1. Sketch the reach of a paramagnetic label on A:Ala107 as a point 7 Å from Cα along Cα-to-Cβ, and name the residues of region A:12-50 whose backbone nitrogen lies under 15 Å away.
2. Between chains A and B, what is the buried accessible area summed over both chains (1.4 Å probe, protein heavy atoms, nearest 100 Å²)?
3. On full extension of the chain, what length is gained from A:Thr120 through A:Leu14, given 0.36 nm per residue of separation minus the C-alpha to C-alpha distance?
4. Test of understanding: in a Gaussian network model of chain B with alpha carbons linked when under 10 Å, which of B:Thr138, B:Thr52, B:Thr120 would top the mean-square fluctuation ranking?
5. Under 22 Å Cα-Cα from B:Lys141, which lysines qualify once same-chain neighbours fewer than 8 residues away are excluded?
6. How much net charge surrounds A:Trp131 when only the other residues with a Cβ under 15 Å from the Cβ of A:Trp131 are counted, with Lys and Arg +1 and Asp and Glu -1?
7. When chain B is treated as a GNM, springs tying every alpha-carbon pair under 10 Å, which of B:Leu111, B:Leu48, B:Leu32 comes out with the largest mean-square fluctuation?
8. Could you please report the charge total around B:Gln142, scoring K, R as +1 and D, E as -1 over all other residues with beta-carbon less than 12 angstrom from its beta-carbon?
Protein chains: 2
Amino acid sequence: MPIEIERKFLVEKLPVTELQNAVLGEIEQGYLIQEPDREVRIRGKGVLFFLTEKKGAGLSRDEHEIAINVQMFDALWPMTGGMQLEKARSTFMLDSHQLELDVYHGALKPLMILEAEFLTEEQALAWSPPWFAGSEVTGDKQYKNAQLAKAGKPDNG
Amino acid sequence: MPIEIERKFLVEKLPVTELQNAVLGEIEQGYLIQEPDREVRIRGKGVLFFLTEKKGAGLSRDEHEIAINVQMFDALWPMTGGMQLEKARSTFMLDSHQLELDVYHGALKPLMILEAEFLTEEQALAWSPPWFAGSEVTGDKQYKNAQLAKAGKPDNG
């Protein structure tokens, strides 16, 4: 199973210059299963739909994504009531590293989170975050997307 | 992604002695996506439900299974219409090797298929099938479960 190694940071101010060449996409996602050590979600990205399982917590998580069709997405979406979120994702390169900046919509506004993915934990720990990265929230349960979808924006966010 | 390495054989006669200590379970499964090189199915085994993606063909296939809940199963099951099958699976040990004998119900009766899973292709190829294993159908598209669910029992089966 592929391992997802990522660090997450709060963002206060949009890095306009860095985002000039970003690829922008709208994401809607909802959670079907949320267990202490496992979650299953569906995600829509334009015409693409996915069912994803993530296991574990913290810096490294097991992740597996299955491409589904719109009929499956539509059949499952009603079951994610109260556990949904929408965000605009900007994907961009910075210093040869791919970053994702998520701008949350709805009740989660004005939350913005920067995610950086790595191949190894060593690489993740050695990385210096850019100027617009605020507090690090890697492994912080309040900022897991499943928790954001359920509980909303943290009080200190 | 875990790799599934298996060999499959037709079975003409139930091996009663070998099945004495078998664990028997009923399986119902339906196919949601069937592409040339990928399939996504749901399976119910008593109170357990799974969504599984298989990629590739032949002796080794990539397989990933996600445990789902009964609500998800029920929401997706109607979408597998015309692509469903039921079978009784006996799981048993023979010469320190775990085997599965599937006895198909409904339109697929009296089809019986023996499956043996292996850790490596070398192990799979070196294995000598037991006396009750008939023609080998490993990699035979007609005997893939997705194809059986859709097209029914092969004429020569």
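The values are calculated or read from the model by the stated rules, or taken from the named source; none is laboratory data. Just so we're clear, the structure is a prediction, and the values are computed from it rather than from any experiment. All Cβ positions, glycine included, derive from the backbone under ideal geometry; neighbour counts span all protein chains shown. Heads up: the accessible areas ignore ligands, DNA and RNA and are worked out on the full protein's heavy atoms, side chains in. Shrake-Rupley method; radii C 1.70, N 1.55, O 1.52, S 1.80 Å.
1. Residues A:29-31 qualify, since their backbone N sits under 15 Å from the label point.
2. Chains A and B together bury approximately 1500 Å².
3. Values: separation 106, 0.36 × 106 = 38.16 nm, distance 2.76 nm.
That pair, A:Thr120 and A:Leu14, stretches by 35.4 nm at full extension.
4. The residue with the greatest mean-square fluctuation here is B:Thr120.
5. Within the straight-line limit of under 22 Å, B:Lys141 reaches these lysines: B:Lys8, B:Lys54, B:Lys55, B:Lys87, B:Lys109, B:Lys150, B:Lys153.
6. Numbers: positive: A:Lys13; negative: A:Glu12, A:Glu18, A:Asp95, A:Glu136.
Residues close to A:Trp131 contribute a combined charge of -3.
7. Of the options given, B:Leu48 has the highest mean-square fluctuation.
8. Charge balance in the 12 Å sphere: +3.
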